[in-house]
Amino acid sequence: MTVFETRERQTQSIDQKMDFIAAGPRAVVTQPARTQAAVPFRRRLLTGTKRYIELSARMMSEEAGHGRLVLFSPVFLGAGAATWFLTAADFPAMSLLLCLLVLVIAVILSGHARPKLRATLLAVLLFVSGMLSAQVETWLDRTLILDSAVTTTVTGRIERREGDGPGRWRYILGVSGTSAPEVKRPPERISVLVRGAKQAFELGDVIEGRARLTPRAGPALPQLHDFAFSSYYDGIGANGFFFGAPKKVASQPMQEGSVGEIMLEWLFRLRSGIGDRIRSILPGDTGAFAASLVTDERRAISDETTEALRQSGLAHIVAISGLNMALSAGIFYVGLRVFLSLFSGVAQAWPIKKIAAAGALAAVTAYYLISGFAVSAERAFIMMAIMLIAVFFDRPSISLRNVALSALVILGVSPSEVLGPSFQMSFAATLALVAGYDLWKGRPIRDNAFAKLPVMKPIFMVGGFFGGIFLTSLIGGFSTALFSIEHFHRLTAYGLPANLAAMPVISFIVMPFGMMAMLLMPFGLDGPFWQVAGFGLDLVIKIAKTVSNWGGNIDVGRLPAWYFPTAVFGFLLLTLLKTRLRHAGTAIVAASTLTVALLPDRSAPDVAIAEDGGLVAIVNGEVIASNREKPPSFIFQQWQRALAIEEHQKPIIVEGVEAPVAREGKRLKFSSEQQDEAREVMIQAVATGPPLRFSCLKDAWCTASLKNGKQLTVINNAAYLGPACDTADIVVTPVRLRFDHCRSGAMLFTGETLRKTGSVELRFTEKGIEIATAFDTLLRPWMRHRAYDWRSDTFTDASLSSISDSGE
């Protein structure tokens, strides 16, 4: 073999070439025997990698040619907004503005000659725009949230009203004053419940009464939903209820203000009147259900029916969402177009398709105006409006571009919706359905002579209808499952049969007759049509209760933090791409789900503490042992879903001992003998009680031994702090103490410390106790109220004081 032949062979591999240069001609004798087997494998590897890169680049070019990259615009915009909301502190606004300006200039200078660079810059530009839009929305809202629970006399003007069951009404009040005591930082708008009222107050009435107000709850456990976040962007500063019925102070028929404010109040008056009219015709849950479909007033539906709808997977019917808007627009569009086609002169001289689209657009606009401007209704209206407007320009109504445009509009107006389950689930279902429709449209069509037979046509029509419902329910269920697991930690097993049974009733009975009833309501002729719609809603409620009795809930529990964004990324690739690249999304979703299913996750907490310190639970396998016989359902049910544990173990009540009672108007104080007695009772309760279960002295304290041998004590009164700290290793109290540690060295969680940290999880490891809190910082606008001290009228953190002065 010559040196020339050796050099020719060495060029087949970079490694072989370097060896040849280093060893020279002598390599001719030794190299071939060593590398002969390796050359084919390396060659195949390099060739395969090169082909994969070339194929991916070719498919990316094909995606760009189809215009699919434009569909990712709302993804980048939403990612920027989500990043701004999820960070620990606000980004400097000037920095974002400068960055945005630089990116705009860079996009302009990049031109169309360099498409890859331009696309990258546009993606970053949208990301920064999302962050800036989140900042602007926060500046515009500037909701002042109540800092802590208080009982006070509230005076306010009724802005909105909604039925909340028999004799119960939920009001949105514009607060004009508080007294006894006067709240130093009163919220501008609150949501309060009135119970036992014989008659509802009217919008515009000024009412006054003694009320208990509380700030909106934070996450029930770390990494769960922060309800104060949604409350901040809804403009509600506190929730509460009146002690007894408030009294009417004055009546203002119409609010003085801008034309927009006057029109808004008129619409809310109209909405309340429509809801009252429907409930007067259809009593009970049927009327409440019907009113919710028109005005989005859902609180009047009983808890039993609401739970049945949720467990059967039919809860989406109650909310005014894409389904309701699509059925309303479709019924009006088809009805008007068929009516106009009856007149041949009109059909030939006028574009009846566009006229019908204009009529449908007017109908859904009116529907949206009386719906109370709910987020789901706003999103559905924008999507339907864009689809109907597309008809005016002879463009396809059902397309992914229209879905992307709708998402861009909503995220531009309300970027905070990107973190809400309603927005995510609605667009996930719409995206999957439209993508599935595109695939169905592109399928090869075969001529079926059997289906053309007159006898078979009705059968195929009915089969096609139910097949469409089946596919729609199947695609919608699979596409929203990921988001249901993330936000609600459970899945509905029998949603498919429930939707197959209920959707024909909604489509052919409830919505058509409900629309006719609304059209005839101004003339007082709506009663018979509501009766027919009510019959259909009774059927839906029976279907929901029947399916819910099958026990179809699948508890999944809280998943690792990395899973949701990873699976969402795969879902977006699967639905937004057209070429075989979309299968990479399928692989990502499948791989991440398989990883979560097979690999062990972070263990459940050993102890869970609510943010107010009043509810504490010990987690032991498949059992949650709490310090309450009847724990507050709002928090405890979230714990059960997040931990996928249903069984609740009640505390053991200590018999034969009565807790001392304080004199009226005075604090409970113990003498040294009483403290010694309290210590002995606590020690005896732990010694005689079972481990991992609370033993409680009613209205005084609860104590339990933990699996690591330590003792946990929860006290309701500060008088028991000394004995608790002396006997326990972990002490929890809802009392807002001025100190945060025990002299004995025991770990202490008080109402004041929990107010700043939020809910707490404790895990016992070999290194000690691992503590996880809901909040690491209080620098975000919807968290700042937690750092406010009403006694000194200042924020405990100096940095928050300056931020609050400028932000609130």
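The values are calculated or read from the model by the stated rules, or taken from the named source; none is laboratory data. No experiment lies behind these values; they were computed from the predicted model shown. Glycine gets a Cβ as well: all are built from the backbone with ideal geometry, and neighbour counts include every protein chain shown. Heads up: the accessible areas ignore ligands, DNA and RNA and are worked out on the full protein's heavy atoms, side chains in. Shrake-Rupley method; radii C 1.70, N 1.55, O 1.52, S 1.80 Å.
Each residue in segment 613-627 was checked for being crowded, with 20+ Cβ neighbours inside 10 Å and either of a type in the set (S, T, N, Q) or in contact with a Gly (Cβ under 8 Å, 6 or more places away or on another chain) (or both), and 3 of them qualify. When GLY177, GLY196 are screened for being more than 29 Å from TRP790 (Cβ to Cβ) and modelled with pLDDT under 95, only GLY196 passes. Scanning segment 354-371 for residues that are surrounded by 19 or more Cβ atoms within 10 Å (Cβ to Cβ) and either among the aliphatic types (A, V, I, L, M) or in contact with an Asp or Glu (Cβ under 8 Å, 6 or more places away or on another chain) (or both) turns up ALA356, ALA357, ALA360, LEU361, ALA363, VAL364, TYR368, ILE370, SER371.
Among the small types (Gly, Ala, Ser), touching a helix residue (DSSP H, G or I) at 6+ places or on another chain (Cβ under 8 Å) and either within 30 Å of LEU520 (Cβ to Cβ) or assigned to a loop (DSSP other than H, G, I, E, B) (or both), is that true of GLY372?
Details: among the small types (Gly, Ala, Ser): yes; touching a helix residue (DSSP H, G or I) at 6+ places or on another chain (Cβ under 8 Å): yes; either within 30 Å of LEU520 (Cβ to Cβ) or assigned to a loop (DSSP other than H, G, I, E, B) (or both): yes.
In short, yes.
For THR579, the criteria (1) over 22 Å from ALA700 (Cβ atoms); (2) in a helix (DSSP H, G or I); (3) open to solvent by less than 90 Å² (accessible area, probe 1.4 Å) hold in every case but one, which is (2). Do we find that ARG34 is in a helix (DSSP H, G or I), of a type in the set (D, E, K, R) and at pLDDT below 70 in this structure? Yes: the conditions hold for ARG34. For segment 519-563, taking the residues that are basic (Lys, Arg) and in contact (Cβ under 8 Å) with a residue 60 or more places away in the chain, the one that is nearest to THR286 (Cα to Cα) is identified as LYS545.
Between ARG195, ARG189, which is closer than 25 Å to GLY420 by Cα and in contact with a Gly (Cβ under 7 Å, 6 or more places away or on another chain)?
Numbers: ARG195 fails: closer than 25 Å to GLY420 by Cα.
From the options ARG195, ARG189, the qualifying one is ARG189.
Screening LEU193, LEU146, LEU132, LEU173 for residues that are farther than 29 Å from ARG298 by Cβ and either open to solvent by less than 50 Å² (accessible area, probe 1.4 Å) or outside any loop (DSSP other than H, G, I, E, B) (or both) leaves exactly one candidate, LEU132. When GLY436 is tested against (1) within 24 Å of SER73 (Cα to Cα); (2) at pLDDT below 90; (3) surrounded by 19 or more Cβ atoms within 10 Å (Cβ to Cβ), exactly one condition is not met: (3).
Using the structure shown, decide if MET515 is at pLDDT 85 or above and either in a helix (DSSP H, G or I) or under 28 Å from the mean Cα position of the chain (by Cα) (or both). So MET515 passes the test. Flag set for TRP782, criterion: under 27 Å from ASP141 (Cα atoms) and either crowded, with 17+ Cβ neighbours inside 10 Å or at pLDDT below 95 (or both). Residues that are surrounded by fewer than 18 Cβ atoms within 10 Å (Cβ to Cβ), under 14 Å from ARG310 (Cβ atoms) and of a type in the set (Val, Ile, Thr) within segment 534-560 comprise just one, ILE554.
If you go through segment 176-190 one residue at a time, how many are polar (S, T, N, Q) and open to solvent by less than 40 Å² (accessible area, probe 1.4 Å)? Full working, then the answer.
Filtering segment 176-190 down to residues polar (S, T, N, Q) leaves 176, 178-179.
So of that shortlist, the ones also open to solvent by less than 40 Å² (accessible area, probe 1.4 Å) come out as 178.
Selection size over segment 176-190: 1.
Remark: pairs (first residue in segment 216-240, in contact (Cβ under 8 Å) with a residue 40 or more places away in the chain; second residue open to solvent by 10 Å² or more (accessible area, probe 1.4 Å) and among the acidic types (Asp, Glu); Cβ separation under 6 Å; 6+ apart in sequence or on different chains) = GLY218/ASP226; GLY218/GLU611; PRO219/ASP226; TYR233/ASP141. Considered as a group, the residues in segment 639-656 that are outside any strand (DSSP E or B) and either open to solvent by 50 Å² or more (accessible area, probe 1.4 Å) or on the phi > 0 side of the Ramachandran plot (or both) include one that is modelled with the highest pLDDT, and that residue is LYS650. In the set (1) open to solvent by 60 Å² or more (accessible area, probe 1.4 Å); (2) assigned to a loop (DSSP other than H, G, I, E, B); (3) in contact with a Leu (Cβ under 9 Å, 6 or more places away or on another chain); (4) under 22 Å from GLY372 (Cα atoms), ARG160 fails one condition alone, (2).
Would segment 85-93 turn up any residue that is small (Gly, Ala, Ser), on the phi > 0 side of the Ramachandran plot and not in a helix (DSSP H, G or I)?
So in segment 85-93, the residues small (Gly, Ala, Ser) come out as 88-89, 93.
Okay, now just the ones that are also on the phi > 0 side of the Ramachandran plot, so none.
Scanning segment 85-93 turns up no residue that is small (Gly, Ala, Ser), on the phi > 0 side of the Ramachandran plot and not in a helix (DSSP H, G or I).
If you check ALA597, ALA642 for being within 18 Å of ILE554 (Cβ to Cβ), without any contact (Cβ under 8 Å) to a residue 12 or more places away in the chain and of a type in the set (Gly, Ala, Ser), only one passes: ALA597.
Within segment 600-611, work out how many residues are surrounded by fewer than 18 Cβ atoms within 10 Å (Cβ to Cβ) and touching a residue at least 12 places away in the same chain (Cβ under 8 Å). Matching residues across segment 600-611 total 3.
Kindly establish whether ALA662 is modelled with pLDDT under 90, at negative phi and open to solvent by less than 70 Å² (accessible area, probe 1.4 Å). In short, yes.
If the condition is being without any contact (Cβ under 8 Å) to a residue 60 or more places away in the chain and touching a Lys or Arg at 6+ places or on another chain (Cβ under 9 Å), then segment 419-437 contributes PHE423, PHE427. Against the list (1) crowded, with 23+ Cβ neighbours inside 10 Å; (2) in contact (Cβ under 8 Å) with a residue 60 or more places away in the chain, the condition ALA374 fails is (1).
Only one of these is buried (at least 24 other Cβ atoms within 10 Å of the Cβ) and within 18 Å of TRP169 (Cβ to Cβ): ALA291, ALA300. Name it. Lay out the reasoning, then the answer.
Working: ALA300 fails: buried (at least 24 other Cβ atoms within 10 Å of the Cβ).
Answer to the check: ALA291.
Of all residues in segment 92-103, those that are free of Cβ contacts under 8 Å to residues at least 60 places away in the same chain have Cβ atoms under 7 Å from Cβ atoms of residues that are open to solvent by less than 80 Å² (accessible area, probe 1.4 Å) and among the small types (Gly, Ala, Ser), 6 or more apart or on another chain, in LEU100/SER129.
When TRP139, TRP84 are checked against the criterion of being under 20 Å from GLY412 (Cα atoms) and surrounded by 20 or more Cβ atoms within 10 Å (Cβ to Cβ), a single residue qualifies: TRP84.
Residues that are closer than 21 Å to ALA502 by Cβ: find the helices (runs of 4 or more DSSP H) completely inside segment 279-358 holding 3 or more of those. Give the derivation first.
On the way: elements: 284-295, 303-311, 315-318, 322-341, 344-349.
It comes to 284-295, 303-311, 315-318, 322-341.
Each row is one residue, and each column tells you yes or no for (1) out of contact with any Lys or Arg (no Cβ under 8 Å at 6 or more places or on another chain); (2) under 23 Å from SER426 (Cα atoms); (3) buried (at least 17 other Cβ atoms within 10 Å of the Cβ).
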{"position": "ALA315", "(1), (2), (3)": "yes, yes, yes"}
{"position": "ALA319", "(1), (2), (3)": "no, yes, yes"}
{"position": "PHE343", "(1), (2), (3)": "yes, no, no"}
{"position": "ILE352", "(1), (2), (3)": "no, no, yes"}
